[in-house]
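Just so it is clear, none of the values below were taken in a lab; they were calculated from the coordinates. Since the model is a prediction, treat every value here as computed from it, not as a measurement. FYI the Cβ positions are ideal-geometry reconstructions off the backbone, even for glycines, and counts take in every protein chain you see.
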Protein chains: 2
Amino acid sequence: MAPVPKTMRAVVIDGPFDVKVKQVPVPKCEKDTDVVIKVHLAGLCGSDLHAYRGHEDGSGYVMGHEVIGTIVEAGSAVANFTPGDIVMAPFSVSCGSCFYCDQGYTSRCEQNKCLTGGQAEYFRMPLADATLFNFPPELPEEVALLMTDILPTGYSAAMNARRLLDDPLVDAWTLKDAEAGTVPKKGVAVVIGCGPVGLCAISSARSLFETVYATDLHESRLALAEKHGAVALPLAQLREEILKVTNGRGADAVLEVVGHESAVLDALSLVRPYGAVSSVGVHTRNVTIDGNILYDKNVRMQFGRCSVRTFFPAALNVLKDNLELFKSFVENKVDLDEAPEYYKLFEQGKVAKTVFDMSK
Amino acid sequence: MAPVPKTMRAVVIDGPFDVKVKQVPVPKCEKDTDVVIKVHLAGLCGSDLHAYRGHEDGSGYVMGHEVIGTIVEAGSAVANFTPGDIVMAPFSVSCGSCFYCDQGYTSRCEQNKCLTGGQAEYFRMPLADATLFNFPPELPEEVALLMTDILPTGYSAAMNARRLLDDPLVDAWTLKDAEAGTVPKKGVAVVIGCGPVGLCAISSARSLFETVYATDLHESRLALAEKHGAVALPLAQLREEILKVTNGRGADAVLEVVGHESAVLDALSLVRPYGAVSSVGVHTRNVTIDGNILYDKNVRMQFGRCSVRTFFPAALNVLKDNLELFKSFVENKVDLDEAPEYYKLFEQGKVAKTVFDMSK
């Protein structure tokens, strides 16, 4: 392997709507459970936009949390990986043995940190043994990159919705059944938000629901949603259509992948009584809900960050079942220097999935 | 049977904090699926207070929705009941065959009406065949009355919480397993609100959770909660205790039986990440939630009105397992003429479960 340099290029956030590519020090292992990865590809993710739009505190740090690359340094306690391994880094760190990890809730690991620092030439990954995945060599790297965040996240939106819909009044099944593909498709689902995670949610929902609808404020995204198998319509039209196909009841499940109050309220207005609202959008502001809706619709909701490791096998099935579709999923593979421009375009909904390529 | 008179006494709401006992016409069957019941006992329920406090529109109608009594008239299409039968009337009407009833969601039956009119000497019950239950003669009537609303409602709060806690990541079980008592007790639950429904929720939660805590703004109610087997503490003390017994994580599940924003927010602050919030309180106003909590705690929530028929068998088990406790559950059995006074005392949290007795 080539020697590791002292400095590297990295995408640094300096304030709202202000990211720059800067020279910064290359990270080193800080603990014996860390590894350092030479990044091949780093994704630009919808949740990067929360920081970009100034909805999260802090600046001066390196952006990015979707990484595929080669390990160049491994701490002495790392047992599962060695330098030279090509690995995928899920966007949240997990220890593999705490109260939450034991139950599969890796996104709330007691040592959890939400990763950042991936949009750079080198990247330090803590708790490597229980966090990283080996790269599946049968997949193109830019397809495998989707497994570090957005495909499991989209899958969890669909799976949580399907689970909430199947009360244990009658049905009994586990995630293992879903992985084996034996959970029967059921009901009408709506995906609100057709960005990259939304598209992953659509493909996932198609494995768990009979019919999948989708909507987005950016009408240009509806064509992509259709490509993934959804019936995609602007909101007003969708509302009419859903009422028509459900005898006026509303959708059985709504998947909210936006992370905004208005999307939650749209979900609650589209869902039928005793339906499911499943949200993986990052919420940073208040959500005000009319209590009459909560009570009168017997609403069930699940919010929060995906436990990537747990949903990984089932999401990988979705990816493999739709491989041709996902091969063309990454719209732009660009040099890291183009990050400021692509952040701008992505924030405006003008580009779909974008990846920074440092493999050359 | 004695002849049915033309008029009767009934508790009529005339406006906020204003109920009166008036002479009104005795109801008759309006459809061939109706019955008319001579009321023995009618409960005063926490949810009557929403109308009493002026949180719901309308006035001039007869209050009450918990009834046990004898059928005195049956429509020609009623097959399951005949005059002379002693029956229990769950608080929501169900047809037994629509989209919702088929799934056990009887509280959202397509012909659902929330009943009112029970606090009177006679009471008309629509859709009698798929709504009423035969009175189990082995129970005292005032104990059986709890089965028309608050015991199934308390049970549903506990069951929904337990279900949400058991993701199908690992566990697979149905309501039948809960009815058979084979669902293992698990976790730390908190019940917010120790009025009559709260006490039923505590007894139910004890059948599904390892440890049950409870809290109420009225400290006088905490002793009753202890009697039902909860560790009952004022909120600030409860918060400390829960953190202590869960290694700082928070409660596995919180049951909210109040129906107020502050109770939901307390629930969300007490629950741990990936925990369950189960609400059966009647919400009539806005609930504003910090989106960071929804996302960062991966919150799961279930709201809404109990499907009494569905939870009836499991709730009846709870009642029978705690029969001595529930025999002294009704604190006051008073004449209908005392309704204005007892509404006032109940609204102020000064009396526990109160029943209007028309059996003499």
Within the protein assembly as shown, the percent of DSSP beta bridges that are antiparallel, given to the nearest 5, stands at 60
Looking only at lysines whose Cα falls under 21 Å of residue B:38's and that sit 8 or more positions away or on another chain, we get B:6, B:20, B:22, B:28, B:113, B:333, B:360
Checking A:42, A:157, A:267 against a Gaussian network model of chain A (alpha-carbon springs below 10 Å), the top fluctuating residue turns out to be A:267
For B:196-202, B:113-119, ranked highest to lowest by mean beta-carbon neighbours within 10 Å, the order is B:196-202, B:113-119
Over all pairs of different Cα atoms in region A:16-116, the reciprocal of the mean inverse distance gives a Kirkwood radius in Å of 15.2
The simple spin-label model distance between residue B:321 and residue A:223, using points 7 Å out along Cα→Cβ, in nm, is 6.0
Note: probe point = Cα of residue B:344 + 7 Å toward Cβ; backbone nitrogen < 20 Å; residues of region B:32-53 passing the test are B:44-46, B:48-53
From DSSP H assignment alone, runs of 4+ in chain A each adding -39500 (n - 2.57), the sum over residues rounded to the nearest 500 puts [θ] at 222 nm at -8000 deg cm²/dmol
The Cα extents of region B:178-308 along the principal axes, largest first and rounded to whole Å, are 36, 33, 32
As a percent rounded to 5, the proportion of antiparallel DSSP bridges among beta bridges in chain B is 60
Eigenvalues of the alpha-carbon gyration tensor of chain B, times 5 and square-rooted, give semi-axes in Å, largest first, of 35, 22, 18
Inter-chain shielding metric for B:100-113, i.e. average beta-carbon neighbours from other chains within 10 angstrom, reads 3
The size of the Cβ-based charge dipole (Lys, Arg +1; Asp, Glu -1) of chain B about the Cα centre, to the nearest 20 debye, is 160
Assertion target for A:239, B:162, ordered by fewest C-beta neighbours within 10 angstrom first, is A:239, B:162
With the charge dipole of region B:151-302 built from beta-carbon charges (+1 for Lys and Arg, -1 for Asp and Glu) about the Cα centre, the Cα from B:295, B:165, B:274 projecting farthest to the positive end belongs to B:165
Across A:280-287, the residue-averaged tally of Cβ atoms belonging to other chains within 10 Å stands at 5
Cα-based Rg then Dmax for the protein assembly as shown, in Å, read 28.3, 101
1/(1 + (r/R0)^6) with r = Cβ-Cβ of residue B:177 and residue A:186, R0 = 25 Å, i.e. FRET efficiency to nearest 0.05, evaluates to 0.75
